[in-house]
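Trainee: One structure follows; several queries about it will come next.
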Amino acid sequence: MTFVAGYLLHNKVYTATSRTNMNLTNMGDFADNFKACVRGIFELMGAIVIQDVPVMSVRGIILCVKMILVAAFLVALFFNYIKFDKGDKKTKNTGLYLKNYLAFLFVWIFMVIFIADMRFPGNPHTEYRYLLVGMIPLIMLFGIQLNSLSKLFNDFQKKVAYIVLLVACFVVVGGNHQNVLDKWDRSTYAVEFTEYVETLDVESVIFLGDGDSQAMCRGIDNTHKYGCFMPETQTLYMPICSYYDSAYGSYYGGKHVLAAIEGTDLYQCMPAEIASQYVKVDKFKWFDIYISEVMVFP
């Protein structure tokens, strides 16, 4: 029942079904996809280096700590299978204990991503966000394994280990917080833009060829509908996690805003009968703001 409900909801919400956008990994791609899946574990935790970073710099130390933590999670996983607890033989209880179940969850998710190739054409990296479902149980398993190992050490050694682990967690959290702040200016305009839209008497906003702005604004503002018209295809863009109806202009209501990059000639991006319906009324940051009283996109 859960599968059926999830499948039906997927067909309603997403732009494509898993039957058409997911293929089994070809035999010749097994090695590459396996490497992409392993890399994805480190990417998910932000423990990947894509440019030159000095080891002893603040960022280098943070990355090293993250890598060590990810390696520790994987060691906990392997240790669990080496010391697999089969249950109490006296009571013939062969049911899985919690830690075995947590380990199974991670391996199951990893195998799904490995067998079903989720890499986009031309992109050697897997969609590592899907590993999040398995990473959470893996982190829980790491904590359980640490608790089991603590019995092998005296109180002083356990206190030192706890302090080291706590410092490592603070380093990771602090590093992630700084990473967000470094990228904050790239997305704060979306917050300001949605606040600006609140001052306009419109039902929706259509971005001209800017799917990123559409995605961010849609996630911030749930009182307006945000779409994106792509000049290359002359269609309304349907990003992942969209209703099928969002591919049609009627989904966005009547009076709406068209946000185009400053200096864009609308007549070069859409048919003249559509472009002529827009009137430029304002400018916001690098967007020219146009308004139409009716929805002109089919």
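Trainee: Taking Asn176 as meeting all but one of (1) surrounded by 13 or more Cβ atoms within 10 Å (Cβ to Cβ); (2) modelled with pLDDT of 85 or more; (3) assigned to a helix (DSSP H, G or I), write down the number of the exception.
Mentor: Every condition holds for Asn176 apart from (2).
Trainee: Same structure, new question: Any idea how many residues of region 31-67 are modelled with pLDDT of 85 or more and surrounded by 12 or more Cβ atoms within 10 Å (Cβ to Cβ)?
Mentor: 22
Trainee: When region 185-219 is examined, which residues are found to be of a type in the set (S, T, N, Q) and farther than 19 Å from Val296 by Cα? Spell out how you get there, then give the answer.
Mentor: First, the residues of region 185-219 that are of a type in the set (S, T, N, Q): 187-188, 194, 199, 204, 213-214.
Residues satisfying the conditions are Ser187, Thr188, Thr194, Thr199, Ser213.
Trainee: Can you pull out the residues in region 251-298 that are surrounded by fewer than 17 Cβ atoms within 10 Å (Cβ to Cβ), among the acidic types (Asp, Glu) and either assigned to a strand (DSSP E or B) or within 30 Å of the chain's Cα centre (by Cα) (or both)?
Mentor: Within region 251-298, Glu262, Asp282 meet the criteria.
The values are calculated or read from the model by the stated rules, or taken from the named source; none is laboratory data. A quick note: this is a predicted structure, and the numbers were derived from the prediction, not measured. Heads up, the Cβs are rebuilt from the backbone with ideal geometry, glycines too, and the neighbour counts pull from every protein chain shown.
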